[in-house]
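All remarks here apply to the structure that follows.
Read-outs throughout are calculated quantities, based only on the coordinates presented, and are distinct from any laboratory measurement. Remember, predicted model here, so these are calculated numbers, not experimental data. With ideal geometry, Cβ positions are generated from the backbone for all residues, glycine too; neighbour counts draw on all protein chains shown.
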């Protein structure tokens, strides 16, 4: 039996979205979409930037809650280019079926 210890490299998650990906909420979502879940969780809990936390919340809600509305919104933002938040809200209101 060997008493030698082996050094295990510890992986730290990123705690903030890089500045080059902070132009809008869409660029933040795009960057987070391509990260590991641990990175999304860390940014959600550690970032002081409200838009970083908003984007991370949307990704986490889509994953953890299997929320189809969140998943749809993420795909629309990823595939359709930049969409102003007010336009997204207007689209949702116009698509709402009222009984």
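Results, tabulated for the structure shown:
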{"quantity": "Residue tally, condition without any contact (Cβ under 8 Å) to a residue 60 or more places away in the chain and part of a helix (DSSP H, G or I), over the stretch 18-41", "calculated": "16"}
{"quantity": "Residue 15 being within 18 Å of residue 75 (Cβ to Cβ), in contact with a helix residue (DSSP H, G or I) (Cβ under 9 Å, 6 or more places away or on another chain) and assigned to a loop (DSSP other than H, G, I, E, B)", "calculated": "no"}
{"quantity": "Any hit, the stretch 26-48, residues being farther than 18 Å from residue 73 by Cα, surrounded by fewer than 16 Cβ atoms within 10 Å (Cβ to Cβ) and more than 14 Å from the chain's Cα centre (by Cα)", "calculated": "yes"}
{"quantity": "Scope the stretch 49-73; condition touching a helix residue (DSSP H, G or I) at 6+ places or on another chain (Cβ under 8 Å), part of a helix (DSSP H, G or I) and without any contact (Cβ under 8 Å) to a residue 24 or more places away in the chain; matching residues", "calculated": "53, 57, 60, 61, 62, 70, 71, 73"}
{"quantity": "Conditions (1) surrounded by 15 or more Cβ atoms within 10 Å (Cβ to Cβ); (2) out of contact with any helix residue (DSSP H, G or I) (no Cβ under 6 Å at 6 or more places or on another chain); (3) over 23 Å from residue 84 (Cα atoms); number of the one not met by residue 22", "calculated": "(3)"}
